[in-house]
Amino acid sequence: MEEVTLPKEIPVGTWPTMENNHKEGCGEEHESVKCTAAVETLSDNNTPLEACECASQCTAVPQSGVEVMCDSCMEEPRQASKSCLTCMVSYCEEHLRPHLENSKFQNHQLVEPQLDTELRACECHRLALQLYCATDGCCICPSCETEEHEGHAVTDVAEGELQDKQKGMVKTLTAAEEAINKLQKNTASIDSSVAGVQAVIEQQFSSLRVAVEDACRSSLDMLDGEHKQALSQAESIRTHLEQKSGELKKTMTQVERFAKKKNDVDFLQVSLSKNTTLPSVYISLIDRLATFSNFIKESTQATCNELKSTYNVQLKELCKSGKSKSKGISYSPSVEFHLGDLYATNLSFDPDSTHKFLRLTEDNRKATNTTPWQHSYPYMAERFEHWRQVMTSESLYLGRHYFEVELSGEGAYVGLTYKSINRKGQENSCCVTGNDFSWCLGRESHGYSAWHCDVETSVEVKEFTKIGCYVDYKKGLLAFYGIAETMNLLHKYSVRFLEPLYPVFWLSKKDNMVVLVKPSD
């Protein structure tokens, strides 16, 4: 008998039926019925693979083009005419006669010749798998129905197949309807959420517009007050000048009369008794208006940049990340809103203040500790003698200022102090870390530390080589930033400044170096 290779794969969702196994005649192709329901809905208790195996057991496998030989022909095998599912044997026409003519075989189930009749038999009872148990989702024989599957929902194979298909279609349809309902609810929820956020945006920006209008109105009112005050001052001066002018005219008349009489004594007495000086007519409104205008421009530009950073940059990042954030909006400067763009201050080291162990290079923008080599600097009252420090030539006074430095090596410090700091003493108060009018940040072995009044405050941050320093003199704010791709606040002070501030640098160890750099370089 020829060896036949059975199909290794059965298409998922395919359930062949007995009626479609073979039509009358050997040349007709087998057609299978495909289940339209999802594979997982074929049965509640079995997997798609088990469902496919059950289908292959209960139904015929296509045999087109394959000859099935008679199992009863011993000497000369002939082609089988039918297969008996009860006997589990295939017969040729001659050996099939008992099944057709003997009434004892009338209950045997005959089908078209099959190679896998053994697969269609119950392993326990060796009977044909004619029934389908919907409860367990498997094909069974009549004996199984009365034993293991007693009381279960049992139908014939064809009807069970139909029921499973219907059940699967119902489940799929139900799942689709539930998905549609969920989508509709989601759509309504999205619309509601967007409407809520839209209301918040409109409300907040309405408040923002009101605040801007109030600020504008307040600024105009202050300008109007300055205007009225200047006009009043000018009017007072004009009235006073007119009065003085009248007095001078009377004096001139008297002087002319005494001059004609040639009475020198009376002339001198009259001229000396009259005050001919005039009050100053200078009104400082122009300078005050220039300051007023610059303040409005500076504040408005800073606010606009902050708005751009907050809404355009951080909001876009929030949308890109797709993550919910409950934290408040951070107003720390970022790459898009850099303090150096607004308040950058050009600085250079003051050679007259430089300690003898410090060397200045690069147009007095770089200082290096060259210990133990000294430099033959002339004596200056401003020069630091004990502490290896250097101060800038420029001061930071009024308004807002920002500068950046690169620090190299442990023991390098950047800070601000008053010009009155003692330059000659050896006490701690002569160092930028040790008095109550100096504030600084330094690189230590364990990281960064902030110093004020000889008190150290550790700053737990990652390593930065570039430090930014921001001063708002009017508000009394001093902040140190670590500069990388973004600005990271390291430490800040809130102080009431009493004198102009001077950047000062302490390079305590050999090869310490500090460089004044342009912001964002």
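Brief remarks on what is shown
- With a Förster radius of 60 Å applied to the C-beta separation of residue 200 and residue 252, the computed FRET efficiency comes to 0.20.
- FRET efficiency, residue 189 to residue 393 (Cβ-Cβ, R0 56 Å, nearest 0.05): 0.30
- Relative contact order computed over segment 339-517 (Cα-Cα under 8 Å; 6+ residues apart), in percent: 29 percent
- Gain upon complete extension [residue 477, residue 125; 0.36 nm per residue less C-alpha separation]: 117.3 nm
- For segment 424-441, the Karplus equation 6.51 cos²θ - 1.76 cosθ + 1.60, evaluated at θ = phi - 60°, returns couplings of 10, x, 9, 5, 4, 5, 8, 9, 5, 8, x, 9, 8, 10, 10, 9, 8, 10 Hz by residue, with Gly and Pro reported as x.
- For segment 128-186, with +1 on Lys and Arg beta carbons and -1 on Asp and Glu, the positive-most of 142, 175, 186 along the dipole: 186
- Between residue 211 and residue 460, the contour length at 0.36 nm per residue exceeds the Cα-Cα span by 85.8 nm.
- Diffusion coefficient (Stokes-Einstein, Kirkwood radius over C-alpha pairs, 20 °C, 1.002 mPa s) for segment 339-517: 133 µm²/s, rounded to a whole number.
- Sites residue 356 and residue 301, calculated FRET efficiency, Cβ-Cβ separation with R0 35 Å, nearest 0.05: 0.20
- Amide N of segment 390-404 lying under 12 Å from the label point, which is placed 7 angstrom from the Cα of residue 422 along Cα→Cβ: none
- Additional length obtainable on full extension of the chain from residue 76 to residue 410, 0.36 nm per residue less Cα span: 109.9 nm
- Sequence of 201, 296 once ranked by neighbouring C-beta atoms within 10 Å, starting from the fewest: 201, 296
Here, each number is a calculation from the coordinates, and none is a lab measurement. Treat the numbers as computed from the prediction; the structure is a model and nothing was measured. Positions of Cβ are backbone-derived with ideal geometry, glycine not excepted, and every protein chain shown enters the neighbour counts.
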